[in-house]
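For reference, the structure discussed in these notes is given below.
The values are calculated or read from the model by the stated rules, or taken from the named source; none is laboratory data. Since we're looking at a predicted model, the values are computed, not measured. Ideal geometry is used to build each Cβ from the backbone, glycine not excepted, and the neighbour counts take in all protein chains shown.
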Amino acid sequence: MIPAQNGQEVDALRREVERLQQCNRSVGERLSALQVVQRIAHSLVSEGSLDELLEKILGCAVQVAHASAGALLLLDRAAGELVFEVIEGGAGAPLRKARMPADKGIAGWVVTHGKPLIVHDVTQDERFYPRISLEFNFPARSILCVPLIVRGSVIGALEVLNKTGDAQFTVEDRDMLTILAAQSAVAIENARLYQNLREEHNRLVAVEAEVRHRLARDIHDGPAQMLASVIMNAHFVREALARGSVEMALREMDEVLSLAEKALRQIRTLLFNLRPVTLEMKGLVPALEIYVNMLQQNERFSVALQIENEIARLNREAESAIFAVIQEAISNVRKHAEASQAIIRLAVTEEGYLEVSVRDDGVGFDPGAISQSCAERGSLGVLTMQERALSLQGSLSIHSRQGEGTEVQLRLPLAPNLAGVAGPSPVS
């Protein structure tokens, strides 16, 4: 017989072997999970489409955590809401793009605090947001949620639900998901930047095409027709001289000179509109004075400039953006308003805002219908004016009623746009 003491030593040794085997299995599982995360991280770098990237991230999270379902939420800071960008498992397809308050639910807590969270029984946790679970049509028992953080800023959350086999989410699961979330957040931010750059590139291409089209139209309708008339009248002069009709030739020559002078004024106006050197050298108000003087000589409607108080020099980007908004507003008056007068007004408020308006006495329109039309057609004129206003931390509004004219109003804070203050990137 084996002495009792030896038997106890054998049992202890067996337990130690089992413990080491369990540790070895745990290490192996952790290593496998890390390898999966590493493969995922490498694959995320090459993913171009943001939507496809988000789906891949969530699929990997569900796989790594051995979960039954999951969701990836991104933070909409302006609205103060979390957006369900991707759903996996259950019947959550209708929940995609749904929104919830950014401070509600498990995900809201994680985003607010920037920390991961494991909840083993959601019914016992007051932070649980049951409405989402009901819409998800998937009974949530347990949740593991980690924040998506880029450069110290939380951009969303990655959450998985109900570990398979009725098991509980572990600290190891949390750590794996945290590693995945760190890689994913960087990939998401890069994909967003790429998408924004691509959209901006497409917008700039469209704006350039519109500018080219507008320039070609303005040249065709203005100087080109004037020069054609100059040539025609020059032929008349030559024919009159050939017949010895000096008086008629002089009358035709007067017409030639008048047409040539008008064509020259229009060409100078076009060049000024393309690159107002006065704006760069002397500032917004002197440039507007020259611009209005040119308009008075060339437009069918009168244009007045009202400067209600002294306006300090703004930085180059701000002055260029304001000038461009005024140009676009005047262009709309020319094309659509059938106005007899337009007034450009600038004033500084006591609160430190610059208010710019362009008002006409034309036919007016229904702003609601125009806004809908702009949204459907992507009207570059209105959209570009709005983007310029936003780039100046300002706002743009359009007020009009049929038969009562139109007023375009731009309002922006002076302090961040003054000369000497670094301005925003210009919007072309």
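Summary of values
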{"item": "Residue in the stretch 123-174 that is modelled with the lowest pLDDT, counting only those that are of a type in the set (S, T, N, Q), closer than 18 Å to V62 by Cα and surrounded by 12 or more Cβ atoms within 10 Å (Cβ to Cβ)", "result": "N137"}
{"item": "Pair list, Cβ under 6 Å, 6 or more apart: the stretch 165-176 residue outside the structural domain of V119 (by TED's automatic domain parsing), other residue exposed (fewer than 11 other Cβ atoms within 10 Å of the Cβ) and aliphatic (A, V, I, L, M)", "result": "none"}
{"item": "Among residues of the stretch 106-139, those that are farther than 19 Å from V83 by Cβ, touching a helix residue (DSSP H, G or I) at 6+ places or on another chain (Cβ under 7 Å) and of a type in the set (A, V, I, L, M), counted", "result": "3"}
{"item": "Single unsatisfied condition, V303 versus (1) assigned by TED's automatic domain parsing to the domain that holds P416; (2) buried (at least 17 other Cβ atoms within 10 Å of the Cβ); (3) part of a helix (DSSP H, G or I)", "result": "(3)"}
{"item": "Failed criterion for S258 (all others in (1) touching a Leu at 6+ places or on another chain (Cβ under 8 Å); (2) of a type in the set (G, A, S); (3) over 30 Å from L354 (Cα atoms) hold)", "result": "(1)"}
{"item": "Flag if S153 is of a type in the set (S, T, N, Q) and either free of Cβ contacts under 8 Å to residues at least 24 places away in the same chain or outside the structural domain of Q63 (by TED's automatic domain parsing) (or both)", "result": "yes"}
{"item": "Selected residue (criterion: nearest to the chain's Cα centre (by Cα)) from residues of the stretch 352-361 that are part of a strand (DSSP E or B) and more than 17 Å from G394 (Cα to Cα)", "result": "R359"}
{"item": "Selection within the stretch 323-351 - in a strand (DSSP E or B) and closer than 16 Å to L412 by Cβ", "result": "I344, R345, L346, A347, V348"}
{"item": "Criterion violated by K97 - all others in (1) at positive phi; (2) in contact (Cβ under 8 Å) with a residue 24 or more places away in the chain satisfied", "result": "(2)"}
{"item": "Matching residues in the stretch 52-76 - criterion: being within 21 Å of the chain's Cα centre (by Cα) and touching a residue at least 12 places away in the same chain (Cβ under 8 Å)", "result": "L53, L54, L73, L74, L75, D76"}
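A quick yes/no check of all residues on (1) among the aliphatic types (A, V, I, L, M); (2) assigned by TED's automatic domain parsing to the domain that holds V154; (3) closer than 15 Å to A157 by Cβ; (4) surrounded by fewer than 22 Cβ atoms within 10 Å (Cβ to Cβ):
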| position | (1), (2), (3), (4) |
| --- | --- |
| I57 | yes, yes, yes, no |
| A78 | yes, yes, no, yes |
| P101 | no, yes, yes, yes |
| T112 | no, yes, yes, yes |
